[in-house]
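Visitor: Quick one: the structure is below, and I'll ask about it shortly.
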Amino acid sequence: MKKTLSDYITLSKQIDDLKFEKKMKVAILSSFTLNGLDETIHVKCSELGIRYQSFVAGYNQHNQQLLDPKSDYYSFSPDITFLILDIRNFLGENFYNFYNMSIQDRKSFSKEKIKELENIINFFKNNSNSKLIISNFNIPSYSPNGILELKSEFGFYEMIEEINNSLRDTSKTHNSIYIFDFNRFVLKFGEKNIFDYRQFHLGDIQITFNFIPFFADELMSYVKPMSSTNKKCIVLDLDNTLWGGVIGEDGFDGIE
(Lines give C-alpha, C1' and ligand atoms only; values in the text may rest on other atoms or scores of the structure.)
Protein backbone atom coordinates (compact mmCIF):
# COMPACT_ATOMS: atom_id res chain seq x y z
CA MET A 1 0.00 0.00 0.00
CA LYS A 2 1.30 3.44 -0.97
CA LYS A 3 2.54 5.52 1.95
CA THR A 4 0.79 8.83 2.58
CA LEU A 5 2.58 12.10 3.18
CA SER A 6 1.85 11.84 6.91
CA ASP A 7 3.45 8.36 6.87
CA TYR A 8 6.64 9.77 5.39
CA ILE A 9 6.74 12.64 7.88
CA THR A 10 6.38 10.19 10.77
CA LEU A 11 8.98 7.78 9.37
CA SER A 12 11.50 10.57 8.76
CA LYS A 13 11.66 11.20 12.53
CA GLN A 14 12.62 7.59 13.18
CA ILE A 15 15.61 7.33 10.82
CA ASP A 16 19.07 6.68 12.21
CA ASP A 17 21.14 8.32 9.49
CA LEU A 18 24.45 7.53 11.16
CA LYS A 19 24.18 3.86 10.21
CA PHE A 20 24.49 4.73 6.51
CA GLU A 21 27.93 5.19 4.99
CA LYS A 22 26.89 6.68 1.65
CA LYS A 23 26.13 10.41 2.01
CA MET A 24 24.07 12.81 -0.07
CA LYS A 25 23.59 16.53 0.57
CA VAL A 26 20.42 17.85 -1.07
CA ALA A 27 19.17 21.43 -1.30
CA ILE A 28 15.53 22.22 -2.00
CA LEU A 29 14.65 25.71 -3.18
CA SER A 30 11.19 26.57 -4.40
CA SER A 31 8.92 29.48 -5.21
CA PHE A 32 5.91 27.90 -3.52
CA THR A 33 5.04 25.77 -0.49
CA LEU A 34 6.34 22.18 -0.58
CA ASN A 35 5.67 20.98 2.95
CA GLY A 36 6.63 17.35 3.45
CA LEU A 37 8.87 17.01 0.40
CA ASP A 38 12.08 17.12 2.45
CA GLU A 39 10.85 14.42 4.84
CA THR A 40 9.65 12.21 1.98
CA ILE A 41 12.98 12.37 0.14
CA HIS A 42 14.71 11.68 3.47
CA VAL A 43 12.78 8.42 3.87
CA LYS A 44 13.33 7.40 0.26
CA CYS A 45 17.07 8.00 0.60
CA SER A 46 17.22 5.94 3.79
CA GLU A 47 15.54 3.06 1.95
CA LEU A 48 18.50 3.15 -0.43
CA GLY A 49 21.03 3.26 2.40
CA ILE A 50 21.85 6.93 1.86
CA ARG A 51 22.64 9.27 4.74
CA TYR A 52 20.52 12.27 3.77
CA GLN A 53 21.45 15.82 4.70
CA SER A 54 19.29 18.68 3.49
CA PHE A 55 19.04 22.42 3.16
CA VAL A 56 15.54 23.76 2.60
CA ALA A 57 15.34 27.43 1.71
CA GLY A 58 12.62 29.62 3.18
CA TYR A 59 9.44 30.28 1.28
CA ASN A 60 10.19 31.90 -2.11
CA GLN A 61 13.79 32.63 -1.05
CA HIS A 62 15.48 30.90 -3.97
CA ASN A 63 16.85 34.08 -5.54
CA GLN A 64 18.25 35.36 -2.26
CA GLN A 65 19.99 32.03 -1.69
CA LEU A 66 21.28 31.40 -5.21
CA LEU A 67 22.40 34.95 -6.03
CA ASP A 68 24.36 35.57 -2.83
CA PRO A 69 27.70 33.71 -2.70
CA LYS A 70 27.73 34.16 1.10
CA SER A 71 24.28 32.67 1.60
CA ASP A 72 23.48 29.67 3.80
CA TYR A 73 22.89 27.67 0.62
CA TYR A 74 26.48 28.03 -0.58
CA SER A 75 27.79 27.38 2.93
CA PHE A 76 25.86 24.10 2.91
CA SER A 77 27.56 23.09 -0.37
CA PRO A 78 25.04 20.50 -1.61
CA ASP A 79 25.67 17.64 -4.01
CA ILE A 80 22.28 18.11 -5.68
CA THR A 81 20.12 21.23 -5.84
CA PHE A 82 16.44 21.10 -6.73
CA LEU A 83 15.11 24.46 -7.91
CA ILE A 84 11.34 24.09 -8.22
CA LEU A 85 9.58 27.10 -9.74
CA ASP A 86 5.95 27.70 -10.58
CA ILE A 87 4.54 29.74 -13.43
CA ARG A 88 2.25 31.91 -11.29
CA ASN A 89 4.98 33.32 -9.06
CA PHE A 90 7.43 33.49 -11.94
CA LEU A 91 5.17 35.65 -14.11
CA GLY A 92 3.63 37.65 -11.28
CA GLU A 93 0.66 39.82 -12.24
CA ASN A 94 1.30 39.10 -15.91
CA PHE A 95 0.07 35.55 -15.31
CA TYR A 96 -3.41 37.07 -15.17
CA ASN A 97 -2.86 40.25 -17.21
CA PHE A 98 -0.71 38.89 -20.03
CA TYR A 99 -2.92 40.26 -22.79
CA ASN A 100 -2.90 43.77 -21.36
CA MET A 101 0.52 44.02 -23.01
CA SER A 102 1.11 44.59 -26.70
CA ILE A 103 2.54 41.75 -28.79
CA GLN A 104 5.95 43.38 -28.75
CA ASP A 105 5.80 43.90 -24.99
CA ARG A 106 4.79 40.25 -24.52
CA LYS A 107 7.83 39.13 -26.51
CA SER A 108 10.08 41.49 -24.55
CA PHE A 109 8.66 40.22 -21.27
CA SER A 110 9.38 36.62 -22.30
CA LYS A 111 12.98 37.54 -23.15
CA GLU A 112 13.34 39.23 -19.74
CA LYS A 113 12.15 36.11 -17.92
CA ILE A 114 14.47 33.90 -19.97
CA LYS A 115 17.36 36.22 -19.11
CA GLU A 116 16.38 36.04 -15.45
CA LEU A 117 16.70 32.25 -15.50
CA GLU A 118 19.97 32.40 -17.42
CA ASN A 119 21.41 34.78 -14.82
CA ILE A 120 20.48 32.39 -12.00
CA ILE A 121 21.99 29.42 -13.83
CA ASN A 122 25.20 31.25 -14.73
CA PHE A 123 25.67 32.56 -11.19
CA PHE A 124 25.10 29.07 -9.84
CA LYS A 125 27.63 27.56 -12.27
CA ASN A 126 30.27 30.06 -11.23
CA ASN A 127 29.77 29.54 -7.51
CA SER A 128 28.80 25.92 -6.93
CA ASN A 129 29.96 22.41 -7.76
CA SER A 130 26.47 21.05 -7.19
CA LYS A 131 24.23 19.52 -9.84
CA LEU A 132 21.29 21.85 -10.47
CA ILE A 133 17.93 20.31 -11.33
CA ILE A 134 15.62 23.14 -12.35
CA SER A 135 11.96 22.57 -13.14
CA ASN A 136 10.38 23.78 -16.33
CA PHE A 137 6.90 25.33 -16.21
CA ASN A 138 3.59 23.59 -16.62
CA ILE A 139 1.21 25.02 -19.19
CA PRO A 140 -2.03 25.51 -17.24
CA SER A 141 -5.44 24.79 -18.69
CA TYR A 142 -6.31 28.36 -17.70
CA SER A 143 -5.72 31.03 -20.32
CA PRO A 144 -6.39 34.75 -19.83
CA ASN A 145 -7.57 34.80 -23.45
CA GLY A 146 -10.03 31.93 -23.22
CA ILE A 147 -10.99 30.22 -26.48
CA LEU A 148 -8.89 32.71 -28.47
CA GLU A 149 -5.66 31.49 -26.88
CA LEU A 150 -4.49 29.38 -29.83
CA LYS A 151 -5.42 32.14 -32.28
CA SER A 152 -3.33 34.76 -30.46
CA GLU A 153 -0.07 36.00 -31.89
CA PHE A 154 2.62 35.13 -29.34
CA GLY A 155 0.03 33.96 -26.87
CA PHE A 156 0.25 32.93 -23.23
CA TYR A 157 0.92 29.25 -23.97
CA GLU A 158 3.46 30.14 -26.64
CA MET A 159 5.38 32.29 -24.17
CA ILE A 160 5.60 29.45 -21.62
CA GLU A 161 6.75 27.09 -24.37
CA GLU A 162 9.45 29.57 -25.38
CA ILE A 163 10.72 29.77 -21.80
CA ASN A 164 10.70 25.98 -21.48
CA ASN A 165 12.54 25.56 -24.78
CA SER A 166 15.16 28.04 -23.63
CA LEU A 167 15.68 26.10 -20.39
CA ARG A 168 16.05 22.87 -22.35
CA ASP A 169 18.61 24.41 -24.71
CA THR A 170 20.58 25.87 -21.79
CA SER A 171 20.77 22.49 -20.06
CA LYS A 172 22.23 20.92 -23.20
CA THR A 173 25.26 23.21 -23.02
CA HIS A 174 26.01 22.71 -19.30
CA ASN A 175 26.88 19.30 -17.85
CA SER A 176 25.84 20.32 -14.33
CA ILE A 177 22.35 21.55 -15.31
CA TYR A 178 19.36 19.23 -15.67
CA ILE A 179 15.72 19.99 -16.41
CA PHE A 180 12.97 18.38 -14.40
CA ASP A 181 9.95 18.18 -16.67
CA PHE A 182 7.33 19.55 -14.31
CA ASN A 183 4.95 20.08 -17.22
CA ARG A 184 5.08 16.34 -17.97
CA PHE A 185 4.57 15.55 -14.27
CA VAL A 186 1.34 17.58 -14.25
CA LEU A 187 0.18 15.95 -17.48
CA LYS A 188 1.00 12.49 -16.09
CA PHE A 189 -1.15 12.84 -12.97
CA GLY A 190 -3.63 15.46 -14.15
CA GLU A 191 -3.85 19.14 -13.34
CA LYS A 192 -7.09 18.67 -11.36
CA ASN A 193 -5.29 16.17 -9.12
CA ILE A 194 -2.06 18.12 -8.73
CA PHE A 195 -3.50 21.61 -8.29
CA ASP A 196 -6.22 22.50 -5.78
CA TYR A 197 -7.37 26.14 -5.68
CA ARG A 198 -8.38 25.81 -2.01
CA GLN A 199 -4.88 24.74 -0.97
CA PHE A 200 -3.36 27.34 -3.31
CA HIS A 201 -5.30 30.21 -1.71
CA LEU A 202 -4.73 28.76 1.76
CA GLY A 203 -0.94 28.71 1.59
CA ASP A 204 0.44 28.91 -1.97
CA ILE A 205 0.39 25.10 -2.15
CA GLN A 206 0.69 24.16 -5.82
CA ILE A 207 1.15 20.41 -5.46
CA THR A 208 -1.56 18.86 -3.31
CA PHE A 209 -0.37 16.98 -0.23
CA ASN A 210 -1.54 13.64 -1.64
CA PHE A 211 0.83 13.99 -4.59
CA ILE A 212 3.99 15.11 -2.76
CA PRO A 213 5.14 11.43 -2.47
CA PHE A 214 4.69 11.01 -6.24
CA PHE A 215 6.62 14.22 -6.80
CA ALA A 216 9.40 12.93 -4.54
CA ASP A 217 9.50 9.72 -6.61
CA GLU A 218 10.19 11.82 -9.70
CA LEU A 219 12.99 13.74 -8.00
CA MET A 220 14.55 10.50 -6.73
CA SER A 221 15.19 9.58 -10.36
CA TYR A 222 18.00 12.17 -10.16
CA VAL A 223 19.24 11.18 -6.70
CA LYS A 224 19.67 7.49 -7.54
CA PRO A 225 22.11 7.79 -10.48
CA MET A 226 24.00 10.67 -8.84
CA SER A 227 24.47 8.59 -5.69
CA SER A 228 25.43 5.49 -7.72
CA THR A 229 22.58 3.46 -6.22
CA ASN A 230 20.96 2.49 -9.51
CA LYS A 231 21.36 -1.19 -10.30
CA LYS A 232 21.65 -2.29 -13.92
CA CYS A 233 21.11 -5.76 -15.28
CA ILE A 234 21.66 -7.03 -18.81
CA VAL A 235 19.31 -9.87 -19.73
CA LEU A 236 20.12 -11.80 -22.89
CA ASP A 237 19.82 -15.21 -24.43
CA LEU A 238 22.69 -17.71 -24.13
CA ASP A 239 22.33 -20.16 -27.03
CA ASN A 240 23.63 -18.68 -30.27
CA THR A 241 24.29 -15.42 -28.42
CA LEU A 242 27.00 -15.89 -25.81
CA TRP A 243 28.10 -19.04 -27.59
CA GLY A 244 27.48 -20.70 -30.89
CA GLY A 245 25.05 -23.62 -30.94
CA VAL A 246 22.34 -24.89 -28.59
CA ILE A 247 23.76 -26.37 -25.41
CA GLY A 248 20.69 -28.57 -24.80
CA GLU A 249 21.18 -30.22 -28.20
CA ASP A 250 24.94 -30.00 -28.81
CA GLY A 251 26.19 -30.45 -25.23
CA PHE A 252 29.03 -28.56 -23.57
CA ASP A 253 31.62 -29.96 -26.01
CA GLY A 254 29.53 -29.11 -29.05
CA ILE A 255 29.11 -25.38 -28.60
CA GLU A 256 31.53 -22.72 -29.79
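Visitor: Students sometimes get this wrong: rank E249, E118, E47 by accessible area, probe 1.4 Å, all chains present, largest first.
Guide: Reading off the accessible areas and sorting them downward yields E249, E47, E118.
Visitor: Ignoring ligands, DNA and RNA, what accessible area per residue does the chain give at 1.4 Å, in Å²?
Guide: Per residue, the chain has an accessible area of 55 Å².
Visitor: Above 27 angstrom, tally the Cα pairs of segment 1-141 and express them as a % of all pairs, no decimals. Let's see the in-between values first.
Guide: Numbers: 3292 of 9870 pairs.
Value for segment 1-141 (Cα pairs over 27 Å): 33 percent.
Visitor: Could you work out the relative contact order of segment 42-128? I mean the mean sequence separation of Cα pairs under 8 Å and 6+ apart, divided by the number of residues, in percent.
Guide: Reported as a whole number, the value is 29 percent.
Visitor: So, taking all protein chains as they sit and a 1.4 Å probe, how much accessible area belongs to H201, in Å² rounded to tens?
Guide: My reading of the accessible area for H201 is about 140 Å².
Visitor: Translational D (Stokes-Einstein, µm²/s) of segment 71-145 at 20 °C and 1.002 mPa s when Rh comes from the Kirkwood sum over C-alpha pairs?
Guide: Numbers: Rh = 14.4 Å.
So the translational diffusion coefficient is about 149 µm²/s.
Visitor: Suppose we flag trypsin sites (Lys or Arg not before Pro) only when DSSP calls them loop and at most 15 other Cβ atoms lie within 10 Å. Which is the longest uninterrupted stretch of the chain?
Guide: Value returned for the longest uninterrupted segment is 71-230.
Visitor: Another question about this same structure. Largest first, please: the extent of the C-alpha atoms of the chain along each principal axis, to the nearest Å.
Guide: 81, 46, 41
Visitor: Does segment 114-218 classify as rounded, prolate or oblate by the C-alpha gyration tensor (a ≥ b ≥ c root eigenvalues; a/c under 1.5 gives rounded; else a/b over b/c gives prolate, otherwise oblate)?
Guide: Numbers: a/c = 2.18, a/b = 1.24, b/c = 1.75.
Since a/c reaches 1.5 but b/c is at least a/b, the shape of segment 114-218 is classed as oblate.
Visitor: Also, quick follow-up: Ignoring ligands, DNA and RNA, what percent of the accessible area of the chain is carbon or sulfur (1.4 Å)?
Guide: Here it works out to 49 percent.
Visitor: Please label the shape of segment 1-83 as rounded, prolate or oblate, based on the square roots a ≥ b ≥ c of the eigenvalues of the alpha-carbon gyration tensor (a/c under 1.5 means rounded; beyond that, a/b larger than b/c means prolate, else oblate).
Guide: oblate
The values are calculated or read from the model by the stated rules, or taken from the named source; none is laboratory data. Predicted model only: the values in this text are computed from it and were never measured. Note: ideal-geometry Cβ built from the backbone for every residue, glycine included; neighbour counts use all protein chains shown. Heavy atoms of the whole protein, side chains included, go into the accessibility calculation; ligands, DNA and RNA do not. Shrake-Rupley method; radii C 1.70, N 1.55, O 1.52, S 1.80 Å.
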